[in-house]
Amino acid sequence: MDNKLINKYLSGKASKEETRAIFDWIDASPKNKHEFMELKKIWSLSVEVDGDKEGAWKLVEKKLKDLKRRKRINTSLKYAAVLLIGTGVAIGLKNEKPVEQLPQDQIILELSDGTKKILRNDGSQEILDPNGAVLGKHDQNAISYENAKTGSDNGELAYNTLYIPYSKRFNLVLSDGTTVHLNSGTTLKYPVKFSKEGQREVFLDGEAFFEVSKNKESEFIVRANGLDTRVYGTRFNINAYQDDDIQEVVLVEGSIGVQKEGGGGKELLLDPNEKAAINDRGQLFRESVDISGYIAWIDGVLIFENERLGNILKKLERHYDVSIQNNYHAINDNRYTGHFDIESVDDILRTFSKHKPFVYAVDGRNIVISP
(Lines give C-alpha, C1' and ligand atoms only; values in the text may rest on other atoms or scores of the structure.)
Protein backbone atom coordinates (compact mmCIF):
# COMPACT_ATOMS: atom_id res chain seq x y z
CA MET A 1 0.00 0.00 0.00
CA ASP A 2 1.28 3.46 -0.94
CA ASN A 3 1.95 5.37 2.31
CA LYS A 4 1.14 8.72 0.70
CA LEU A 5 -2.24 7.41 -0.45
CA ILE A 6 -3.13 6.26 3.07
CA ASN A 7 -2.07 9.65 4.43
CA LYS A 8 -4.26 11.48 1.92
CA TYR A 9 -7.27 9.32 2.77
CA LEU A 10 -6.90 9.67 6.56
CA SER A 11 -6.43 13.43 6.11
CA GLY A 12 -9.61 13.64 4.05
CA LYS A 13 -7.74 14.75 0.91
CA ALA A 14 -8.00 11.61 -1.24
CA SER A 15 -9.88 11.84 -4.53
CA LYS A 16 -12.84 9.61 -5.33
CA GLU A 17 -10.66 7.33 -7.47
CA GLU A 18 -7.97 7.12 -4.78
CA THR A 19 -10.58 6.29 -2.14
CA ARG A 20 -11.96 3.47 -4.27
CA ALA A 21 -8.45 2.15 -4.89
CA ILE A 22 -7.92 1.96 -1.13
CA PHE A 23 -11.22 0.11 -0.71
CA ASP A 24 -10.18 -2.38 -3.41
CA TRP A 25 -6.94 -3.03 -1.54
CA ILE A 26 -8.86 -3.46 1.74
CA ASP A 27 -11.26 -5.94 0.14
CA ALA A 28 -8.42 -7.99 -1.36
CA SER A 29 -7.76 -9.89 1.87
CA PRO A 30 -8.65 -10.03 5.59
CA LYS A 31 -5.02 -9.17 6.32
CA ASN A 32 -5.30 -5.88 4.42
CA LYS A 33 -8.51 -5.01 6.26
CA HIS A 34 -6.91 -5.71 9.63
CA GLU A 35 -3.88 -3.61 8.70
CA PHE A 36 -6.02 -0.67 7.65
CA MET A 37 -8.12 -0.84 10.82
CA GLU A 38 -4.94 -0.73 12.93
CA LEU A 39 -3.59 2.26 11.00
CA LYS A 40 -6.88 4.14 11.20
CA LYS A 41 -7.11 3.44 14.95
CA ILE A 42 -3.61 4.84 15.52
CA TRP A 43 -4.41 7.91 13.42
CA SER A 44 -7.76 8.60 15.12
CA LEU A 45 -6.43 8.22 18.66
CA SER A 46 -3.41 10.44 17.98
CA VAL A 47 -5.47 13.24 16.43
CA GLU A 48 -8.05 12.99 19.20
CA VAL A 49 -5.40 13.36 21.92
CA ASP A 50 -3.37 16.30 20.62
CA GLY A 51 -4.91 17.33 17.28
CA ASP A 52 -1.55 16.93 15.55
CA LYS A 53 -2.19 15.29 12.18
CA GLU A 54 1.49 15.38 11.23
CA GLY A 55 2.46 13.64 14.44
CA ALA A 56 -0.35 11.14 13.95
CA TRP A 57 0.99 10.29 10.52
CA LYS A 58 4.48 9.69 11.89
CA LEU A 59 3.01 7.07 14.22
CA VAL A 60 1.17 5.48 11.30
CA GLU A 61 4.39 5.39 9.26
CA LYS A 62 6.17 3.64 12.11
CA LYS A 63 3.41 1.03 12.18
CA LEU A 64 3.70 0.57 8.42
CA LYS A 65 7.42 -0.15 8.67
CA ASP A 66 6.69 -2.93 11.16
CA LEU A 67 4.21 -4.69 8.88
CA LYS A 68 5.64 -7.22 6.44
CA ARG A 69 4.50 -8.52 3.04
CA ARG A 70 2.20 -5.60 2.32
CA LYS A 71 0.24 -5.90 -0.91
CA ARG A 72 0.30 -3.00 -3.32
CA ILE A 73 -2.87 -1.71 -4.90
CA ASN A 74 -3.47 -1.79 -8.65
CA THR A 75 -4.16 1.79 -9.71
CA SER A 76 -4.85 0.83 -13.32
CA LEU A 77 -8.40 -0.31 -12.58
CA LYS A 78 -11.11 1.46 -14.47
CA TYR A 79 -14.23 2.60 -12.66
CA ALA A 80 -17.72 3.49 -13.81
CA ALA A 81 -18.86 7.07 -13.31
CA VAL A 82 -20.77 6.00 -10.22
CA LEU A 83 -20.01 2.71 -8.41
CA LEU A 84 -21.98 1.42 -5.46
CA ILE A 85 -19.21 -0.07 -3.27
CA GLY A 86 -20.12 -3.20 -1.39
CA THR A 87 -23.00 -4.08 -3.72
CA GLY A 88 -22.85 -6.72 -6.45
CA VAL A 89 -26.40 -7.28 -7.62
CA ALA A 90 -27.58 -8.46 -11.01
CA ILE A 91 -30.70 -9.98 -12.48
CA GLY A 92 -31.84 -13.38 -13.65
CA LEU A 93 -35.28 -12.70 -15.08
CA LYS A 94 -35.60 -14.20 -18.53
CA ASN A 95 -36.40 -17.77 -17.53
CA GLU A 96 -37.18 -17.25 -13.86
CA LYS A 97 -40.68 -18.14 -12.67
CA PRO A 98 -42.57 -15.92 -10.21
CA VAL A 99 -41.96 -16.92 -6.62
CA GLU A 100 -44.74 -17.14 -4.06
CA GLN A 101 -42.73 -16.37 -0.94
CA LEU A 102 -40.01 -13.85 -1.55
CA PRO A 103 -37.11 -13.51 0.90
CA GLN A 104 -36.80 -10.13 2.58
CA ASP A 105 -33.03 -10.02 2.07
CA GLN A 106 -33.20 -9.99 -1.75
CA ILE A 107 -33.76 -7.18 -4.24
CA ILE A 108 -37.20 -7.57 -5.77
CA LEU A 109 -38.56 -6.27 -9.08
CA GLU A 110 -42.35 -6.01 -9.37
CA LEU A 111 -43.69 -5.89 -12.93
CA SER A 112 -46.76 -3.98 -14.06
CA ASP A 113 -49.04 -7.02 -13.68
CA GLY A 114 -47.97 -7.58 -10.07
CA THR A 115 -45.54 -10.39 -10.83
CA LYS A 116 -42.53 -10.22 -8.48
CA LYS A 117 -39.09 -11.49 -9.37
CA ILE A 118 -35.89 -11.90 -7.39
CA LEU A 119 -32.95 -10.01 -8.88
CA ARG A 120 -29.94 -12.31 -8.60
CA ASN A 121 -26.26 -11.72 -9.19
CA ASP A 122 -26.42 -13.84 -12.31
CA GLY A 123 -24.67 -12.14 -15.21
CA SER A 124 -26.25 -10.06 -17.97
CA GLN A 125 -29.48 -10.65 -19.85
CA GLU A 126 -32.65 -9.03 -21.10
CA ILE A 127 -35.55 -8.13 -18.82
CA LEU A 128 -38.92 -9.15 -20.22
CA ASP A 129 -42.46 -8.12 -19.36
CA PRO A 130 -45.20 -10.79 -18.83
CA ASN A 131 -45.89 -10.80 -22.60
CA GLY A 132 -42.27 -11.37 -23.56
CA ALA A 133 -41.59 -7.82 -24.76
CA VAL A 134 -38.20 -6.36 -23.91
CA LEU A 135 -38.26 -3.85 -21.06
CA GLY A 136 -34.54 -3.36 -20.70
CA LYS A 137 -31.31 -5.05 -19.79
CA HIS A 138 -29.40 -5.83 -16.65
CA ASP A 139 -25.65 -5.68 -16.27
CA GLN A 140 -24.07 -6.48 -12.91
CA ASN A 141 -25.64 -4.14 -10.32
CA ALA A 142 -27.95 -2.11 -12.56
CA ILE A 143 -31.07 -2.19 -14.73
CA SER A 144 -31.33 -0.04 -17.84
CA TYR A 145 -34.66 0.81 -19.47
CA GLU A 146 -33.20 3.12 -22.11
CA ASN A 147 -34.17 0.73 -24.93
CA ALA A 148 -37.57 -0.28 -23.57
CA LYS A 149 -39.82 -1.53 -26.39
CA THR A 150 -43.03 -1.35 -24.45
CA GLY A 151 -44.65 1.23 -22.24
CA SER A 152 -46.44 4.47 -22.90
CA ASP A 153 -46.65 5.25 -26.61
CA ASN A 154 -50.44 4.82 -26.38
CA GLY A 155 -50.62 7.22 -23.42
CA GLU A 156 -50.94 4.50 -20.79
CA LEU A 157 -48.00 4.17 -18.39
CA ALA A 158 -46.77 0.74 -17.28
CA TYR A 159 -45.01 0.88 -13.90
CA ASN A 160 -42.28 -1.28 -12.38
CA THR A 161 -41.30 -1.14 -8.71
CA LEU A 162 -37.92 -1.92 -7.14
CA TYR A 163 -37.65 -3.01 -3.50
CA ILE A 164 -34.13 -2.70 -2.02
CA PRO A 165 -33.59 -4.63 1.25
CA TYR A 166 -31.39 -3.61 4.16
CA SER A 167 -27.59 -3.80 3.61
CA LYS A 168 -27.91 -3.60 -0.19
CA ARG A 169 -27.86 -0.80 -2.76
CA PHE A 170 -28.81 -0.76 -6.42
CA ASN A 171 -28.93 1.58 -9.42
CA LEU A 172 -30.98 1.88 -12.58
CA VAL A 173 -31.23 3.94 -15.74
CA LEU A 174 -34.73 5.09 -16.65
CA SER A 175 -36.05 5.27 -20.21
CA ASP A 176 -35.06 8.94 -20.54
CA GLY A 177 -31.45 8.27 -19.48
CA THR A 178 -31.89 9.46 -15.89
CA THR A 179 -29.69 7.50 -13.47
CA VAL A 180 -31.00 6.66 -9.99
CA HIS A 181 -28.91 5.21 -7.16
CA LEU A 182 -31.03 3.53 -4.48
CA ASN A 183 -29.97 3.18 -0.87
CA SER A 184 -30.84 0.24 1.38
CA GLY A 185 -34.43 -0.06 2.58
CA THR A 186 -35.71 1.96 -0.39
CA THR A 187 -38.67 1.48 -2.74
CA LEU A 188 -38.98 3.24 -6.11
CA LYS A 189 -41.98 3.08 -8.46
CA TYR A 190 -41.33 4.32 -12.01
CA PRO A 191 -42.69 4.03 -15.57
CA VAL A 192 -41.05 1.45 -17.80
CA LYS A 193 -41.16 4.10 -20.51
CA PHE A 194 -42.03 7.77 -20.04
CA SER A 195 -44.69 9.27 -22.26
CA LYS A 196 -43.50 11.40 -25.16
CA GLU A 197 -45.45 14.35 -23.82
CA GLY A 198 -46.08 15.60 -20.31
CA GLN A 199 -44.07 15.34 -17.13
CA ARG A 200 -41.80 12.54 -15.94
CA GLU A 201 -42.88 11.29 -12.51
CA VAL A 202 -41.53 8.69 -10.07
CA PHE A 203 -42.50 7.73 -6.49
CA LEU A 204 -39.89 7.24 -3.76
CA ASP A 205 -39.99 5.79 -0.27
CA GLY A 206 -36.46 5.88 1.13
CA GLU A 207 -33.26 7.49 -0.11
CA ALA A 208 -31.98 7.93 -3.66
CA PHE A 209 -29.48 10.02 -5.60
CA PHE A 210 -30.77 11.26 -8.96
CA GLU A 211 -28.83 12.34 -12.05
CA VAL A 212 -31.68 13.62 -14.17
CA SER A 213 -31.46 13.66 -17.95
CA LYS A 214 -32.13 17.17 -19.24
CA ASN A 215 -35.38 17.77 -21.09
CA LYS A 216 -36.69 21.34 -21.09
CA GLU A 217 -40.00 20.16 -22.51
CA SER A 218 -40.72 17.67 -19.72
CA GLU A 219 -40.07 18.38 -16.05
CA PHE A 220 -38.98 15.53 -13.81
CA ILE A 221 -40.90 15.11 -10.53
CA VAL A 222 -40.02 12.96 -7.53
CA ARG A 223 -42.84 12.41 -5.03
CA ALA A 224 -41.38 11.26 -1.71
CA ASN A 225 -43.30 11.03 1.58
CA GLY A 226 -44.29 14.65 2.06
CA LEU A 227 -41.96 16.29 -0.47
CA ASP A 228 -42.43 17.02 -4.17
CA THR A 229 -39.22 17.84 -6.07
CA ARG A 230 -39.35 19.30 -9.59
CA VAL A 231 -36.35 19.51 -11.92
CA TYR A 232 -35.39 19.74 -15.60
CA GLY A 233 -31.86 18.34 -15.38
CA THR A 234 -29.62 18.15 -12.34
CA ARG A 235 -28.07 16.00 -9.58
CA PHE A 236 -29.62 15.78 -6.13
CA ASN A 237 -30.25 13.46 -3.18
CA ILE A 238 -33.59 12.77 -1.48
CA ASN A 239 -33.90 11.19 1.96
CA ALA A 240 -37.53 10.44 2.82
CA TYR A 241 -38.18 7.09 4.50
CA GLN A 242 -41.78 6.61 5.58
CA ASP A 243 -40.80 5.49 9.08
CA ASP A 244 -38.29 8.34 9.67
CA ASP A 245 -38.79 11.85 11.00
CA ILE A 246 -36.47 13.20 8.28
CA GLN A 247 -37.59 14.41 4.86
CA GLU A 248 -34.90 16.33 3.02
CA VAL A 249 -33.56 17.16 -0.42
CA VAL A 250 -29.91 18.15 -1.04
CA LEU A 251 -28.86 19.74 -4.33
CA VAL A 252 -25.47 18.88 -5.80
CA GLU A 253 -25.73 20.47 -9.22
CA GLY A 254 -28.30 22.48 -11.19
CA SER A 255 -31.48 23.98 -9.78
CA ILE A 256 -34.61 22.39 -8.31
CA GLY A 257 -37.86 23.44 -6.70
CA VAL A 258 -39.11 21.72 -3.55
CA GLN A 259 -42.51 22.01 -1.91
CA LYS A 260 -44.67 20.04 0.47
CA GLU A 261 -46.61 17.12 -0.97
CA GLY A 262 -49.69 17.98 -2.99
CA GLY A 263 -48.46 21.40 -4.08
CA GLY A 264 -49.45 23.14 -0.85
CA GLY A 265 -47.36 26.04 0.36
CA LYS A 266 -44.52 27.98 -1.19
CA GLU A 267 -41.99 26.28 -3.47
CA LEU A 268 -38.36 26.70 -2.38
CA LEU A 269 -35.80 27.06 -5.17
CA LEU A 270 -32.45 25.53 -4.24
CA ASP A 271 -28.94 26.37 -5.40
CA PRO A 272 -26.08 23.84 -5.26
CA ASN A 273 -24.94 23.00 -1.71
CA GLU A 274 -28.36 23.80 -0.26
CA LYS A 275 -30.85 21.56 1.53
CA ALA A 276 -34.63 21.76 1.80
CA ALA A 277 -36.23 19.88 4.68
CA ILE A 278 -39.35 19.70 6.83
CA ASN A 279 -38.79 20.63 10.48
CA ASP A 280 -40.55 19.15 13.53
CA ARG A 281 -43.31 21.77 13.16
CA GLY A 282 -44.10 20.60 9.65
CA GLN A 283 -42.56 23.69 8.04
CA LEU A 284 -40.42 23.57 4.90
CA PHE A 285 -37.09 25.41 5.22
CA ARG A 286 -33.83 25.88 3.31
CA GLU A 287 -30.20 26.04 4.48
CA SER A 288 -26.64 25.76 3.17
CA VAL A 289 -24.87 22.45 3.87
CA ASP A 290 -21.72 20.45 3.15
CA ILE A 291 -23.14 17.93 0.67
CA SER A 292 -20.39 15.33 1.13
CA GLY A 293 -22.03 13.76 4.18
CA TYR A 294 -25.37 13.45 2.40
CA ILE A 295 -24.12 11.50 -0.61
CA ALA A 296 -21.30 9.42 0.91
CA TRP A 297 -23.67 6.41 1.14
CA ILE A 298 -23.31 5.94 -2.63
CA ASP A 299 -19.76 4.71 -1.94
CA GLY A 300 -20.78 2.70 1.11
CA VAL A 301 -19.49 5.34 3.56
CA LEU A 302 -21.40 6.54 6.62
CA ILE A 303 -20.85 10.14 7.76
CA PHE A 304 -22.63 11.53 10.83
CA GLU A 305 -22.28 15.21 11.68
CA ASN A 306 -23.74 16.13 15.08
CA GLU A 307 -26.62 13.73 14.36
CA ARG A 308 -29.23 12.36 16.78
CA LEU A 309 -28.59 8.82 17.95
CA GLY A 310 -32.22 7.95 17.18
CA ASN A 311 -31.63 8.75 13.51
CA ILE A 312 -28.22 7.06 13.47
CA LEU A 313 -29.64 3.77 14.77
CA LYS A 314 -32.15 3.63 11.89
CA LYS A 315 -29.36 4.20 9.37
CA LEU A 316 -27.26 1.48 10.97
CA GLU A 317 -30.19 -0.97 10.76
CA ARG A 318 -30.55 -0.37 7.03
CA HIS A 319 -26.84 -0.29 6.25
CA TYR A 320 -25.95 -3.50 8.11
CA ASP A 321 -29.30 -5.34 8.00
CA VAL A 322 -29.55 -5.61 11.78
CA SER A 323 -32.30 -5.03 14.34
CA ILE A 324 -31.49 -2.47 17.06
CA GLN A 325 -33.76 -2.24 20.12
CA ASN A 326 -33.07 0.84 22.22
CA ASN A 327 -34.33 0.45 25.77
CA TYR A 328 -32.47 3.57 26.88
CA HIS A 329 -34.76 6.23 25.38
CA ALA A 330 -33.07 9.09 27.23
CA ILE A 331 -30.08 8.91 24.84
CA ASN A 332 -32.08 9.17 21.61
CA ASP A 333 -31.34 12.91 21.43
CA ASN A 334 -27.62 12.50 22.14
CA ARG A 335 -25.63 13.73 19.15
CA TYR A 336 -22.60 12.07 17.59
CA THR A 337 -20.10 12.79 14.83
CA GLY A 338 -18.10 10.20 12.94
CA HIS A 339 -16.81 8.94 9.56
CA PHE A 340 -17.00 5.17 8.94
CA ASP A 341 -16.07 3.13 5.89
CA ILE A 342 -15.09 -0.48 6.68
CA GLU A 343 -16.07 -0.59 10.36
CA SER A 344 -18.66 -3.08 11.60
CA VAL A 345 -21.83 -1.94 13.39
CA ASP A 346 -20.19 -3.14 16.62
CA ASP A 347 -17.17 -0.91 15.92
CA ILE A 348 -19.43 2.11 15.44
CA LEU A 349 -21.54 1.55 18.55
CA ARG A 350 -18.43 0.92 20.64
CA THR A 351 -16.89 4.18 19.37
CA PHE A 352 -19.99 6.22 20.20
CA SER A 353 -20.48 4.59 23.60
CA LYS A 354 -17.00 5.73 24.66
CA HIS A 355 -17.85 9.40 24.05
CA LYS A 356 -21.38 9.47 25.52
CA PRO A 357 -21.71 6.20 27.45
CA PHE A 358 -24.37 3.56 26.93
CA VAL A 359 -24.38 -0.23 27.19
CA TYR A 360 -25.32 -2.60 24.38
CA ALA A 361 -25.31 -6.33 23.68
CA VAL A 362 -24.92 -8.04 20.29
CA ASP A 363 -26.56 -11.39 19.56
CA GLY A 364 -26.12 -12.20 15.87
CA ARG A 365 -28.16 -9.64 13.94
CA ASN A 366 -29.97 -8.43 17.06
CA ILE A 367 -28.63 -5.56 19.15
CA VAL A 368 -30.12 -4.30 22.43
CA ILE A 369 -29.13 -0.98 24.03
CA SER A 370 -29.70 -0.69 27.78
CA PRO A 371 -29.23 2.00 30.49
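The values are calculated or read from the model by the stated rules, or taken from the named source; none is laboratory data. Remember, it's a predicted structure, so these values are computed and weren't measured experimentally. So basically every Cβ, Gly included, is an ideal-geometry build from the backbone, and we count neighbours across all protein chains shown.
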Mind checking whether some residue in region 214-221 is aromatic (Phe, Trp, Tyr) and surrounded by fewer than 22 Cβ atoms within 10 Å (Cβ to Cβ)? no
Can you tell me which condition residue 243 does not meet? The list is (1) of a type outside the set (Val, Ile, Thr); (2) in contact (Cβ under 8 Å) with a residue 40 or more places away in the chain; (3) surrounded by 19 or more Cβ atoms within 10 Å (Cβ to Cβ), and all the others hold. (3)
Region 176-221: strands (runs of 3 or more DSSP E) wholly inside it with 2 or more residues that are in contact with a Lys or Arg (Cβ under 6 Å, 6 or more places away or on another chain) and within 28 Å of residue 292 (Cα to Cα) are 200-211
Cross-chain or 6+ apart pairs with Cβ under 9 Å, region 348-371 first and surrounded by fewer than 11 Cβ atoms within 10 Å (Cβ to Cβ), then outside any strand (DSSP E or B) and small (Gly, Ala, Ser): 371/330
Failed condition for residue 291, given (1) within 14 Å of the chain's Cα centre (by Cα); (2) closer than 30 Å to residue 105 by Cβ; (3) crowded, with 16+ Cβ neighbours inside 10 Å: (2)
Whichever residue in region 166-208 is touching a residue at least 60 places away in the same chain (Cβ under 8 Å) and over 13 Å from the mean Cα position of the chain (by Cα) and, among such residues, is nearest to residue 235 (Cα to Cα): 179
Within region 328-371, restricting attention to residues that are assigned to a helix (DSSP H, G or I) and among the acidic types (Asp, Glu), which residue is nearest to residue 37 (Cα to Cα)? 347
Residue within region 301-314 that is among the acidic types (Asp, Glu), under 28 Å from residue 348 (Cα atoms) and assigned to a strand (DSSP E or B) present: yes
Can you say whether residue 317 is modelled with pLDDT of 95 or more, within 30 Å of residue 37 (Cβ to Cβ) and surrounded by 15 or more Cβ atoms within 10 Å (Cβ to Cβ), as far as the supplied structure shows? yes
Taking the conditions exactly as written (without any contact (Cβ under 8 Å) to a residue 40 or more places away in the chain, over 20 Å from residue 289 (Cα atoms) and not aromatic (Phe, Trp, Tyr)), does residue 233 satisfy them or not? yes
